[in-house]
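Report on the structure given below.
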There are 2 protein chains.
Amino acid sequence: MNAITLSIGNELVLGQTVDTNSAWLGRELAAVGCDVVAHITVGDDQPAIVSAITDAAQRCDLLLISGGLGPTKDDLTREALARVLNQPLEINEIWIGQMEKMFQRLGRVMVESNRVQALIPRGARLLTNLAGTAAGIDADFILPGSSRSCRIFAMPGVPVEMRAMFQREVRPQLIAAGGGRVIISRTLHTFGIGESALGEMVADLMNRSRNPLVGTTVSEGGVSLRITSRESSRSEAEEKLERTIAECRRILGDLVYGSDEQTLPMVIAELLTRDVLRRVSTAESCTGGLLAKMLTDVPGSSRYFQRGWITYSNDAKMELLDVDAATIFSHGAVSEEVTRAMAGAARRKSGADFGLAISGIAGPDGGTAAKPVGTVCIALAHPSGDAARTFRLPGDREMVRDRSAKMALTLLRYHLIATPMPF
Amino acid sequence: MNAITLSIGNELVLGQTVDTNSAWLGRELAAVGCDVVAHITVGDDQPAIVSAITDAAQRCDLLLISGGLGPTKDDLTREALARVLNQPLEINEIWIGQMEKMFQRLGRVMVESNRVQALIPRGARLLTNLAGTAAGIDADFILPGSSRSCRIFAMPGVPVEMRAMFQREVRPQLIAAGGGRVIISRTLHTFGIGESALGEMVADLMNRSRNPLVGTTVSEGGVSLRITSRESSRSEAEEKLERTIAECRRILGDLVYGSDEQTLPMVIAELLTRDVLRRVSTAESCTGGLLAKMLTDVPGSSRYFQRGWITYSNDAKMELLDVDAATIFSHGAVSEEVTRAMAGAARRKSGADFGLAISGIAGPDGGTAAKPVGTVCIALAHPSGDAARTFRLPGDREMVRDRSAKMALTLLRYHLIATPMPF
């Protein structure tokens, strides 16, 4: 089943909002065996939406629209869809009732403009929205002059509403429709190694004619391997996928920290709690709380993380973490010596098993010839000593901070798996 | 000048990576007066890329491609573009020399696969990459059977490389090409008010036939107003834009915290440093460092932020911030009383002007009937007292944490502008 996603919104074409819906839908569609051939985005312009729907419907069996179902005048998906289907819009009274209940529960009054959110083209089906007031639409579009049809699902653009609606209302229907090839895909994540170096390691597996297909992708400072298997049966697709994944893991070893939805913080959580529970405390300068934020991204993180210090100034380092003024004076705040002292204090003062500390120059200012922007020191204090490393990380302030926190997690990860960090 | 962006990558259609390039390019293109009519995304499949380029070129004067220029076998943009242009690929020796220098500087060896990154279709121009090894391509595609041409720029998919290349190599050429209508767009940001309530306030300005056009968009927990002006001259577009912005600001008043690229942390930074310098310290429970991370997102934040505490456990709240065990016992860790105590201690122990504290239930577990997931208490300690508020924030763990931190910044913002918070 060929699928296309269509995102609608001026804020998307003008770039004021990043479209995360297409990626999410792409993942979900692939998981149920749909072949996603394209993502398309157009603005809040009725002729453009009508033509995008009409064109896309020629090229796919399934069109997933998100956006343009809000209560305001720039929400035009309902009208455009009614035009394409050549049907009038009708108020769905059941949905009006649902909306009134929703507003009551929130103690708010339903405004008149919300009523348009219950409009559905005649003959189409309503999709329930559990997280908001815009009803979704499920319609069959019979292509003019053809017996072929394209199934169209129109959903709200607000990610939390779209996701809930897809999961509850759309996915079960796609699975029921079934049919066609099975495409399954998995991802192995690395952090700290470059894309071309990784590509060379698995070059033999990256041949374009190979199935499963192996590709590299750079995201959020790390490099991931995507392995995609396309077969006529799920069992065959899964078996071949597993074999290629095993091959990739054999070649890359501990460079792979996780797979699929696994993040570095999730892997750390797993390592800290697997056999005996161990705890970590943080001491951060340039990352300003980001390392602790990552550690607490994981539900249940209170088991292994209980406190952290953000010591952005030298005074804070001295007063909260007992770093010697002399150490700062002779080595600089961005030094392995100071970072070791921070990590040691975080461990000691919290009674945690590990203290993890970062001090660096995130930029854009503050760099020197000896310590340019991107210079970051990371230290880990552990029960039998400590370790410290210095890196020069590329990118802007946001990237340097993000990579610093991930490098600190990586240092902890290699300690937890009792393996020397290879970079 | 009509423009289309084309993003290439299996990781994008399969949704393993969110495409941020299209949004960024959309913003940049609008800013130089291009009318972005669509974003398109296709996978690493040569026929699909060839057909996407050919189709898009029919519908626009300018096609900006990102992705598929990497060193690995799944990077097919060069080959597809050569096919569309009907020209052979040739090694660009100047770029080979540049790459060798780059690898030397990084103390690494250039691997053979990097050589393909210097391939350019005959007759096309090379675009320098300051941040990586993939050369970009600048080509004119004369549409078959027509005298019309489409200018094609192919850039790497890694955002930092693409952005640097666009700014240095592409934008100047687009400005020089000039011509056509001027489209300028600005955004006003609010946090804390719902989309339909905001839409009702500015309903008269949201008429579809109006120019400048006003639209609402929900992003990252806030609601923004986009104002887009399209005129034949820049001065006229700017004048009309300013007039509509003034009208929106008059209606919304202090609900608007900032505009365009301004973020809440940037606005706080400005308010804290504008007349006299004032400092803030943080004490966080459920946000686990995110509030401090946001405050330090801004370059130069060390002036107004110097330290923060992450007290995730009750023990940490008592030991680091002197919160009374009795207060926690009688009101619970998620209470205005405990949050006030945290904020007061953060202020007192740091000597800062303000202490800002958060304690809440981010979920997915830990909710009760009286305090369901999403219950968050926020407190501000200031030189003449303190303030505390309780919210029930919607969404998942990530959203609750994000909105909690932004709500805390909003509480501080209203204090700094000496206005009662209206929600």
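The values are calculated or read from the model by the stated rules, or taken from the named source; none is laboratory data. The model shown is predicted, which means the values in this text are computed figures rather than measured ones. FYI the Cβ positions are ideal-geometry reconstructions off the backbone, even for glycines, and counts take in every protein chain you see.
Give the residue, chosen from B:133, B:128, B:72, that is within 14 Å of chain A (Cβ to nearest Cβ) and farther than 26 Å from residue B:51 by Cβ.
So the residue among B:133, B:128, B:72 that is within 14 Å of chain A (Cβ to nearest Cβ) and farther than 26 Å from residue B:51 by Cβ is B:133.
Look through the range A:4-45, keep the residues that are touching a Cys at 6+ places or on another chain (Cβ under 9 Å) and modelled with pLDDT of 95 or more, and return whichever of them is nearest to the other protein chains (Cβ to nearest Cβ).
A:38
Mind listing whichever residues of the range B:336-346 are buried (at least 21 other Cβ atoms within 10 Å of the Cβ) and touching a His at 6+ places or on another chain (Cβ under 8 Å)?
B:338
Give the number of residues within the range A:192-224 that are under 21 Å from residue A:402 (Cα atoms) and either in the same structural domain as residue A:405 (by TED's automatic domain parsing) or of a type outside the set (A, V, I, L, M, F, W, C) (or both).
Of the residues in that region, 10 qualify.
Scan the range B:141-157 for residues that are over 15 Å from residue B:61 (Cα atoms) and either in contact (Cβ under 8 Å) with a residue 40 or more places away in the chain or not assigned by TED's automatic domain parsing to the domain that holds residue B:81 (or both) and jot them down.
Correct list: B:155, B:156, B:157.
Given (1) over 21 Å from residue A:294 (Cα atoms); (2) in contact with a Lys or Arg (Cβ under 7 Å, 6 or more places away or on another chain); (3) surrounded by 22 or more Cβ atoms within 10 Å (Cβ to Cβ); (4) not acidic (Asp, Glu), where does residue A:375 come up short, assuming only one miss?
Tallying (1) over 21 Å from residue A:294 (Cα atoms); (2) in contact with a Lys or Arg (Cβ under 7 Å, 6 or more places away or on another chain); (3) surrounded by 22 or more Cβ atoms within 10 Å (Cβ to Cβ); (4) not acidic (Asp, Glu), residue A:375 fails exactly one: (1).
Out of A:340, A:348, report the one residue that is in a helix (DSSP H, G or I), within 14 Å of chain B (Cβ to nearest Cβ) and not hydrophobic (A, V, I, L, M, F, W, C).
None of the other options fit; the residue is A:348.
Any residue at all in the range A:91-114 that is at pLDDT 90 or above and touching a Phe, Trp or Tyr at 6+ places or on another chain (Cβ under 8 Å)?
For the range A:91-114, residues at pLDDT 90 or above and touching a Phe, Trp or Tyr at 6+ places or on another chain (Cβ under 8 Å): absent.
Please enumerate the residues belonging to the range B:192-235 that are facing chain A (nearest Cβ under 8 Å), more than 30 Å from residue B:395 (Cβ to Cβ) and crowded, with 16+ Cβ neighbours inside 10 Å.
Listed by number, the list is empty, since nothing qualifies.
What strands (runs of 3 or more DSSP E) completely inside the range A:186-265 contain at least 2 residues that are under 23 Å from residue B:12 (Cβ atoms) and in contact (Cβ under 8 Å) with a residue 40 or more places away in the chain?
The strands (runs of 3 or more DSSP E) meeting that bar are A:222-231, A:256-259.
Residue check: is residue A:76 farther than 28 Å from residue B:201 by Cβ and in contact (Cβ under 8 Å) with a residue 40 or more places away in the chain?
So residue A:76 does not fit the description; no.
Sort through A:258, A:289 and tell me the only one that's surrounded by 24 or more Cβ atoms within 10 Å (Cβ to Cβ) and under 25 Å from the mean Cα position of the chain (by Cα).
Only one candidate qualifies: A:289.
Give the residue, chosen from A:396, A:386, that is assigned by TED's automatic domain parsing to the domain that holds residue A:277, surrounded by fewer than 24 Cβ atoms within 10 Å (Cβ to Cβ), acidic (Asp, Glu) and touching a residue at least 40 places away in the same chain (Cβ under 8 Å).
Sole residue among the options that is assigned by TED's automatic domain parsing to the domain that holds residue A:277, surrounded by fewer than 24 Cβ atoms within 10 Å (Cβ to Cβ), acidic (Asp, Glu) and touching a residue at least 40 places away in the same chain (Cβ under 8 Å): A:386.
Specify the residue that is farthest from residue B:77 (Cα to Cα); the eligible residues are those in the range A:214-251 that are among the aliphatic types (A, V, I, L, M) and under 22 Å from the mean Cα position of the chain (by Cα).
Ranking the candidates gives A:245 first.
Would you confirm, using the coordinates I've provided, whether residue B:186 is outside the structural domain of residue B:33 (by TED's automatic domain parsing) and surrounded by fewer than 22 Cβ atoms within 10 Å (Cβ to Cβ)?
Against the criterion (outside the structural domain of residue B:33 (by TED's automatic domain parsing) and surrounded by fewer than 22 Cβ atoms within 10 Å (Cβ to Cβ)), residue B:186 qualifies.
Working only within the range A:347-372, note down all residues that are buried (at least 21 other Cβ atoms within 10 Å of the Cβ), out of contact with any helix residue (DSSP H, G or I) (no Cβ under 7 Å at 6 or more places or on another chain) and not basic (Lys, Arg).
Matches in the range A:347-372: A:350, A:352, A:361.
What is the residue count in the range A:166-193 for residues that are modelled with pLDDT under 85 and of a type outside the set (A, V, I, L, M)?
6
Answer yes or no: is there a residue in the range B:46-63 that is closer than 17 Å to residue B:158 by Cα and more than 7 Å from chain A (Cβ to nearest Cβ).
no
So which residues in the range A:81-117 are assigned to a helix (DSSP H, G or I) and in contact with an Asp or Glu (Cβ under 9 Å, 6 or more places away or on another chain), if there are any at all?
Within the range A:81-117, A:85, A:112, A:113, A:116, A:117 qualify.
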